[in-house]
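Please read the structure below before turning to the comments.
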Amino acid sequence: METVTNKTLEKLKYDLVRAGLVQYEVIEQAEEISNAQNINIGQALINSGVITEDALLKFLEAKLHIPYVNLDDYTLDSACLKYVNFSDARKYRIIPLFKIEDTLTVAMADPLDLFAIDKIIESAECSIEPVISSETSIIKKIEEYYKTDSTVGEIYTDADSGYDWRDELHSEDLSGNHIQKIIRAILKQAIIEGVHEVTFQGEDTGFGVNFKKNGELINKGVVPSVLTASFTAKLKTLAELDPSVSEVPQLGKLNFKVDDIQLVASISTFPTIMGERIFLKIYKPPKSLDKIIESDKPRKIVKSALKQPGIILVCGSPLSGKTHVIYSLLLEAVKDNTKNIMTVESIAKYSLKGVNQCELNENVGFNMDKASRFIAFQSPDLIYLEGIKTKESFDYFASLVFENKTVIMEFLANNMEDMRNKMAFSDFETLKSLISCMIFIHSKDSIEVFDKDTIQKYLA
C-alpha cells in the first residue's frame, strides 16, 4: 500500500516548532502516529488536537505565500474537470477551480508536490497556479463533482450481430457518464457475441480492447490514449477498486444486468511496462442441478455424492463452465439445510443463500494457505475450494474426507485423455482414491458423470 505523505508539511514541520505552534516532542509523536496509521503528519497533528486545521492552513499560507481557499461554499467551474482526471485528483488530492487564459488554478492539499504539478501540466497542457485547501474539503469536492452513476446500467441485447461498441466511443456525447456508456457498450458486445473474457491492455495508440474466444485474443478496437486514464479509473471505481493504485495487482467485482438477469464479472488488474492490463471475466447466474444434468441416473449419482464424505471433482477445459456447474452443486447442497456449507474463493461470483462464502484477500495476508489451516475450525460439512494447485493443498483437503467432509474441487483438463494423463502423476494418488464422483464438462451441452467405481477403474 502506498504511504500517505505531505511533502509540504514534511519540509516545514520544524518551522511549526520555531513559530511556537507545536512542541518538538509533539512533532516526533505525530511522525510515529502518521507512520503507524498511514496518514500524513499534518492529519496526525490535527487528530491529536494540538493544532486546528484552520491554524495549520493559515501557517502554510503565510510561509509559502500561496493563497488559502476555503472550499466549503466554493463553486467550481465544472468545465475545468476535464484537465484533471478522477484518478489523479484522488491520488494527489487536487481539484481544478477555474481557468483564465492559459493558467489553470488548482486547489492542493500539498502545494509542494512538484510531481503532481508536473503531472497536471502534462495532461492539461497549460500553466498551473496552486492554492492551498484542506485535504478533507478537496476529497469532499472530488466526490461531489466527479460523481456519476455508480452502476454500469442495464444492458439489453436487442441489437443484431453487427453491434459495435465503437459507435458509442465515437458518439458526440459530452456528458459526465460517457465513459460509463463506453464500458456498457463493450460489455454489451461481449454478451451478444457470447464472449466471457475481455482484456484491456496498453498499445501505442491507447487501451486495446480484446475478446477471448476459442482460446484466441481478437482485437475489437482501442480506447484512445486521451481517454485511457478516465476509462481505467471508472472501470476500477465500478468494481470497487482503488483508482489511485496502479503499482500493485487488484481484484474486484462488477455487477450489472443483462436483459433483466443479474450478471457478475470479476476484474483483475496487473501492472506491466505498457501500463496496467485489466482482465474481465463474465459469469452467468447458476442454474438448478436438474437443468444442468437432465438424465436421472447421473443426477442421482451427483446428489448421492453430495450427501456423503468424498471428493467431487469437476473437470473441463478453460471456459467450459466449471464454476457454473459448481455453483449449481452448491445450490443443490443448500436444500439439505442441516449442513454447514463453506467456500474459499478468489471472488464470490454470486451470493448464495445458505452458503458461507469466503473471499481470499492477499492484501491482509489471507491466502489459501491460511484458509487451509483455519477452515477446519469452522466445522464445515461441505467445502468448495477454488484453484487448488499444490500437492500440499491437494493432500490437506483430501485428508478432510477422513473427517467425514464432502469436498468439491475443480480440475483443468481439455479432454478425458488429458485428464487421465495428468492423474497418472504420483502427486494425485491420494486424491484419486477419495473421488466419490467426477463431473466432466465436454461442452455446455455435454456433461458426463462418473460414479466412484467407474472413475477408479478408469484412472487405475
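For the reader, a short list of remarks on this structure follows.
- Of all residues in the stretch 235-252, those that are of a type in the set (D, E, K, R) and modelled with pLDDT of 90 or more total 1.
- Residues of the stretch 366-381 satisfying the condition of being among the acidic types (D, E) and either in a helix (DSSP H, G or I) or out of contact with any Ser or Thr (no Cβ under 7 Å at 6 or more places or on another chain) (or both): D369
- Filter result for the condition that a residue is out of contact with any Gly (no Cβ under 8 Å at 6 or more places or on another chain), modelled with pLDDT under 85 and over 18 Å from P309 (Cα atoms), over K422, K389, K444: K389
- Selection within the stretch 414-460: residues that are among the aromatic types (F, W, Y) and not in a loop (DSSP other than H, G, I, E, B). The member of this set that is farthest from I341 (Cα to Cα) is Y458.
- Every pair of residues 6+ apart whose Cβ atoms lie under 8 Å, when the first sits in the stretch 45-58 and is surrounded by 13 or more Cβ atoms within 10 Å (Cβ to Cβ) while the second is aromatic (F, W, Y): L57/Y68; K58/Y68
- Test for V195: is it under 20 Å from V152 (Cα atoms), within 20 Å of the chain's Cα centre (by Cα) and part of a loop (DSSP other than H, G, I, E, B): yes
- Cβ pairs under 7 Å, 6+ apart, first in the stretch 240-261 and farther than 19 Å from N85 by Cβ, second of a type in the set (F, W, Y): P249/F270; D259/Y156
A quick yes/no check of all residues on (1) of a type in the set (K, R); (2) at pLDDT below 80; (3) under 23 Å from L97 (Cβ atoms):
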residue: T151; (1), (2), (3): no, yes, no
residue: T157; (1), (2), (3): no, no, no
residue: G162; (1), (2), (3): no, no, no
residue: H170; (1), (2), (3): no, no, no
residue: K181; (1), (2), (3): yes, no, no
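- Scan of the stretch 263-293 for residues that are in contact with a strand residue (DSSP E or B) (Cβ under 8 Å, 6 or more places away or on another chain), closer than 24 Å to A229 by Cα and of a type in the set (A, V, I, L, M), ordered by number: V264, A265, I267, M274, I278, L280, I282
- Close pairs from the stretch 416-441: first free of Cβ contacts under 8 Å to residues at least 60 places away in the same chain, partner in a helix (DSSP H, G or I) and of a type in the set (S, T, N, Q), Cβ under 9 Å, at least 6 apart: T430/S399; K432/Q456; S433/Q456
- Looking only at the stretch 1-38, and only at residues there that are assigned to a loop (DSSP other than H, G, I, E, B) and modelled with pLDDT of 75 or more, the one that is surrounded by the fewest Cβ atoms within 10 Å (Cβ to Cβ): G20
- Test result for K349, among the basic types (K, R) and over 12 Å from I326 (Cβ atoms): no
- Which listed residue, of F397, F411, is assigned to a strand (DSSP E or B), closer than 30 Å to H442 by Cβ, of a type outside the set (A, V, I, L, M) and modelled with pLDDT under 90: F411
- Scan of the stretch 238-259 for residues that are surrounded by fewer than 20 Cβ atoms within 10 Å (Cβ to Cβ) and under 13 Å from I191 (Cβ atoms), ordered by number: K257, V258, D259
- The residue list I41, I66 contains one member that is of a type in the set (A, V, I, L, M, F, W, C) and at pLDDT 80 or above, which is I66.
The values are calculated or read from the model by the stated rules, or taken from the named source; none is laboratory data. Everything numeric in this text was worked out from a predicted model, so none of it was measured. Note that each Cβ is placed from the backbone with ideal geometry, even for glycine, and that neighbours are counted across all protein chains shown.
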